[in-house]
Each structure stands twice: as C-alpha cells, then as structure tokens.
1. For a quick check of understanding: with a 1.4 angstrom probe and all protein chains in place, what accessible area in square angstrom does F55 have, to the nearest ten?
2. Starting from the Cα of L44, step 7 Å along the direction of its Cβ; do the same at V83; then give the gap between the two resulting points in nm.
3. With θ set to phi - 60°, apply the Karplus curve 6.51 cos²θ - 1.76 cosθ + 1.60 along the range 26-33 and write out the HN-Hα couplings as whole Hz, x wherever there is a Gly or Pro.
4. Under the rule of at least 5 residues apart or a separate chain, name every residue whose amide H is placed under 5 Å from the amide H of F29.
Amino acid sequence: MRSHMGYRSTMAICHEHNLRSPPPSARPFGIRASLLPGDPFARLVGADWQKLHWFATERERDAALADMASCHPYSRRGDEPAVRFEKTSEGAPR
C-alpha cells in the first residue's frame, strides 16, 4: 500500500463554490430564512429561529433566493416547505 505522503500533486478545484480569491469585504445583500408559524421544526430549533445568508451583489442574492425558494428535487409529492425567505440589506454580517 502506498502512503498518500508520497504524492506531490495539488488538489484540483472542481466545484464553483470553492474560493479562488478572498471573500468580498462588504456583503450588504442578504436573505433571511425563518420558519412559518406552526412549523413543527420549531420544537427543535425554537420558534424564533432564523438564518441569514449574505452576498456581495443583488444579482448573487437574487440567484440564491430563486434556488432556495424552488421546489426541492428530492421532496415527496405534496411536501410543502414551511420556510419563509425574505430579501434584506441590513448591512454586512457581524
């Protein structure tokens, strides 16, 4: 068996989400994901759960929002996600 230490190749970047440069210093365009009232998932994460996602441009934010809000390809027929997505531009994340 050969040790992985003997290889001298660099890892290829094969996914677009891998960073090729430092992230932008300002990311003022956001998406707030929160639960709709009565969602049973709130028993696990709390009724006030929310997640903020930040982007450098409106275009990036709007593309991500369209993807997040689309029908999940692996959901069962009739499943309805109970997540609310809202555009926000409150400023850069802390």
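The values are calculated or read from the model by the stated rules, or taken from the named source; none is laboratory data. All values reported here derive from a predicted model rather than from experimental measurement. Cβ atoms come from the backbone with ideal geometry, glycine included; neighbour counts cover every protein chain shown. Note: accessible area is taken over every heavy atom of the protein model, side chains too, but ligands, DNA and RNA are not part of it. Shrake-Rupley method; radii C 1.70, N 1.55, O 1.52, S 1.80 Å.
1. 40
2. Simple spin-label model gives 1.2 nm for this pair.
3. After applying 6.51 cos²θ - 1.76 cosθ + 1.60, I find 10, 9, x, 9, x, 10, 9, 9 Hz.
4. F55
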